[in-house]
Each structure stands twice: as C-alpha cells, then as structure tokens.
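Trainee: Take a look at this one; I'll ask things after.
The values are calculated or read from the model by the stated rules, or taken from the named source; none is laboratory data. This is a predicted model, so every value here is computed, not measured. Positions of Cβ are backbone-derived with ideal geometry, glycine not excepted, and every protein chain shown enters the neighbour counts. Accessible surface areas use protein heavy atoms only, side chains included; no ligands, DNA or RNA. Shrake-Rupley method; radii C 1.70, N 1.55, O 1.52, S 1.80 Å.
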Amino acid sequence: MRALLAALLMLSVPSLAADLPSRIAQAGKLVIATFPNYPPLTFKDPATNARMGFDIELGEAIGRVLGVPVEWTEMAFVQMIPGLQTGRADLAMDGIGDLPARREVVNMVDYLRTGARFFVAAGSDVRAPTDLCGRKVGASRSTSWPADIAEWSARECAAAGKPPIVVVGTEGSIDTRTQLRSGRLDGGVQGDETMAWFQAAEPGAYVPIGGRFTTVLVGIPVAKAEPALRDAVRSAVAALMADGTYARLLAKWQLEPNAVPAVTVNGAP
C-alpha cells in the first residue's frame, strides 16, 4: 500500500528531472543538511526518532519533483553553509533566514516568511514588549535574533525612556525556553513560525508578547557555484506551489501565516 501511495504521489507532480545538474543525476540522490530540533520545520518524532516537519516533507517533495531520492545528513546549524561550500551537502533546510551576509556566499531559494517575536513564561508581569526593557532576553546566538533584539531595544526602549534590554545568546530555542522556565531569563525571542507549535507542545507555559518585530524570508541555501541546482530547486518549489502541495503542507503544520505568494531567489522574483 505504501509503495502504491508513493507511486501515485509521484504521478501527482510534474517531473523536472531534466533540469537537475548532471553531477546530482549521476550520484542518484539529493543530499540535504538539517539539524532536527526546530519544530514544526524540522524535528524528530519522540516515539520513533524519525525526522519530521514542514521542511522535511517539502524537501522530500522537491526530490520527487526532481526525480531523485533525498538523503538527509545532520549537522550543526553553523556548519550547514560551509558544508554546502565543501560539498558535504547539496542543499540545507532548517528554517534558514535569507540574510544579506548569507547571500554573499550562497544563493537563497526563498519559500517562507518569518519574523522575530518576544515571548515570556506564563505568570510573568510582562504585558508589552517595552516591559522587557532593562531585563534579560535570550535568543539563539546562531541566528540574527540577538542583533535584532539589540536593534529593537536601542530604538524602542530609548523612546520609552527605559534602560536597554540585556541580550543573552543561548544555545538554541530549547535552551532559551529552558532558561525562561528556570527564571534565568525574563523573556525570549523566537521565529513566529514556531510559536504556535511550542505553545501546543507545552500548554500554558508561554505567552507571546506583541507581534513580529522583524520580517525575514526563509530560504534553501545553494552554493554560489551551483546556479543550475539553484534554478532546479526554484522550479521544483514553484511546481509544488502550483499543484497545491505547498498549501497542503502549510495547513498540516499550521504555517499558513508564513506563506509566500511565489518562490524567489535572494528575495527577488
């Protein structure tokens, strides 16, 4: 039955195998790097340890459209772009923000929109973002969020006549929430695509404060030396948007607010 379903799914999307670079076609696989600790984009099922999430399913769908199976390789977030440059992976999918500094070394095929958002532990006296001025707010140091917090603080806390936020770099989103629950942090910052997920996973534990205070595209990085692969991935994502796969995955993982109307490269059509 599973084989039949897989065959039917293959028939439901257009094939772009001819667009795939010969290097990957000859290898017979598409290697995608991820670090599965960022639900609902990429994480592991606690019961089976299987990878799952929006990025995992979208990556598998990209492979189907391009006519090759996907081989996932796990590596730390900070190793992903260097891994593309050294050939350890062909792509990376892990909720990676399309930031100007990253565009200097890779091309970003953009497929989601996100933004940083403050949150606090339930029971906190924080009611508005400016209530965090002068307090400790943490975010993953491997992201742009610590700098985003500092920039927001310099503008909004100063305008409110309050001291700046004390920005704390953490080891990741799990560490941020752990420190928040233990009281070592007064607030945290997270991409808004994950907010609904961890609120559902830990009911009553966290309260979002304010809306997103940044807007960033999320992309699939491709090495600058691989323009054919960049174009193939862009075409594959566009095909998945056109046939409804993208919309179905967004709905499954509660990511409709993070949808983009069309796939872009480096933020441009």
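Trainee: At a threshold of 8 angstrom on Cα-Cα distance, excluding pairs fewer than six apart, so keeping six or more, what relative contact order does region 145-200 reach in percent?
Mentor: Result for region 145-200 is 28 percent.
Trainee: In degrees between 0 and 90, to the nearest 10, how far off the longest principal axis of the chain does helix 192-201 point, with axes built from Cα atoms?
Mentor: 80 degrees
Trainee: If R0 is 30 Å, what FRET efficiency do you get for ASP243 and ALA154 from their C-beta distance, rounded to 0.05?
Mentor: 0.10
Trainee: Follow-up question, since we're still on this one. Could you work out the equivalent-ellipsoid semi-axes for region 63-194, taking the square root of 5 times each eigenvalue of the Cα gyration tensor, largest first, in whole Å?
Mentor: Here the semi-axes work out to 34, 16, 13 Å.
Trainee: Oh, and also: Per residue, how large is the accessible surface of the chain? Use a 1.4 angstrom probe and give square angstrom.
Mentor: 45 Å²
Trainee: Then there's this: Any chance you could list the semi-axes, whole Å, largest first, of the equivalent ellipsoid that the Cα gyration tensor gives for the chain, using √(5λ)?
Mentor: Sorted largest first and rounded, they come to 35, 20, 16 Å.
Trainee: Now, a different point. In region 12-131, carbon and sulfur make up what percent of the accessible area (probe 1.4 Å)?
Mentor: Here it works out to 52 percent.
Trainee: Around LYS29, with a cut-off of 10 angstrom between Cβ atoms, what is the net charge of the other residues, counting Lys and Arg +1 and Asp and Glu -1?
Mentor: Cβ neighbours under 10 Å give a net charge of -2.
Trainee: Using a simple spin-label model with points 7 Å from Cα along the Cα→Cβ vector, what separation in nm is obtained for ALA50 and THR86?
Mentor: Roughly 3.2 nm, to one decimal.
Trainee: Give the angle, between 0 and 90 degrees and rounded to the nearest 10, that separates the Cα long axis of helix 227-242 from the longest principal axis of the Cα atoms of the chain.
Mentor: Tilt relative to the chain: about 80 degrees.
Trainee: Given a Förster distance of 35 Å, report the FRET efficiency between ILE174 and SER22 from their Cβ-Cβ distance, rounded to the nearest 0.05.
Mentor: 0.30
Trainee: Taking every DSSP beta bridge that has both residues in the chain, what percent is antiparallel when rounded to the nearest 5?
Mentor: If we restrict to bridges inside the chain, about 65 percent are antiparallel.
Trainee: Relative contact order, percent, of region 45-141 when contacts are C-alpha pairs under 8 Å separated by at least 6 residues?
Mentor: Computed over region 45-141, the figure is 16 percent.
Trainee: Taking only C-alpha pairs under 8 Å that are 6+ residues apart, what is the relative contact order of the chain in percent?
Mentor: Relative contact order here is 27 percent.
Trainee: Size of the dipole of region 42-143 about the Cα centre, Lys and Arg at +1 and Asp and Glu at -1 on the beta carbon, nothing else charged, in debye to 20?
Mentor: So the magnitude is around 400 debye.
Trainee: Can you tell me how much longer the chain between LYS29 and GLN79 gets when fully stretched, taken as 0.36 nm per residue apart minus their C-alpha distance, in nm with one decimal?
Mentor: Contour length minus the Cα-Cα distance gives 15.9 nm.
Trainee: Here is a follow-up. Only Lys, Arg, Asp and Glu count, each charged at its Cβ (+1, +1, -1, -1), so figure out the dipole size of region 97-198 about its Cα centre, rounded to 20 debye.
Mentor: 240 debye
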